[in-house]
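Every number here is computed from the coordinates shown, using simple stated rules; none is lab data. Keep in mind it's a predicted model, so treat the numbers as computed, not measured. Cβ placement follows ideal geometry from the backbone for every residue including glycine, while neighbour counts extend to all protein chains displayed.
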Amino acid sequence: MKLVSRFEAATCSSAELHGLLGQAQLAFAVAQRGSQERRDVLESIRNIENELATRAPAP
């Protein structure tokens, strides 16, 4: 999976972000421990989750 930057995440809809998050979680699960791919996927997950958090409605 290619790295999803914070800028890229900001251009996606919430539905797209949820889809990407699922794909990233699956990619993380199968990536070899300690690999660059796994680090990239983890960073993508962080970027996606951070973007989704900025869109969350305030209580």
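Calculated mean residue ellipticity, 222 nm, the chain: -23000 deg cm²/dmol, from DSSP H runs (n ≥ 4) at -39500 (n - 2.57) each, averaged per residue and rounded to 500.
Around the Cα centre of the chain, unit charges on the Cβ atoms of Lys, Arg, Asp and Glu (plus for the first two, minus for the last two) sum to a dipole of about 160 debye.
Considering the options 18, 30, 4, tell which one lies farthest towards the positive end of the dipole of the chain, charges being +1 on Lys and Arg and -1 on Asp and Glu at the Cβ, about the Cα centre. Sorting the options by dipole projection puts first 30.
For the chain, the average shadow cast by the Cα convex hull is 4.1 nm², which is a quarter of the hull's surface.
Shown in residue order for region 19-28 are the 3J(HN,Hα) couplings computed by the Karplus curve 6.51 cos²θ - 1.76 cosθ + 1.60 at θ = phi - 60°: x, 5, 4, x, 5, 5, 5, 5, 5, 5 Hz (x for Gly and Pro).
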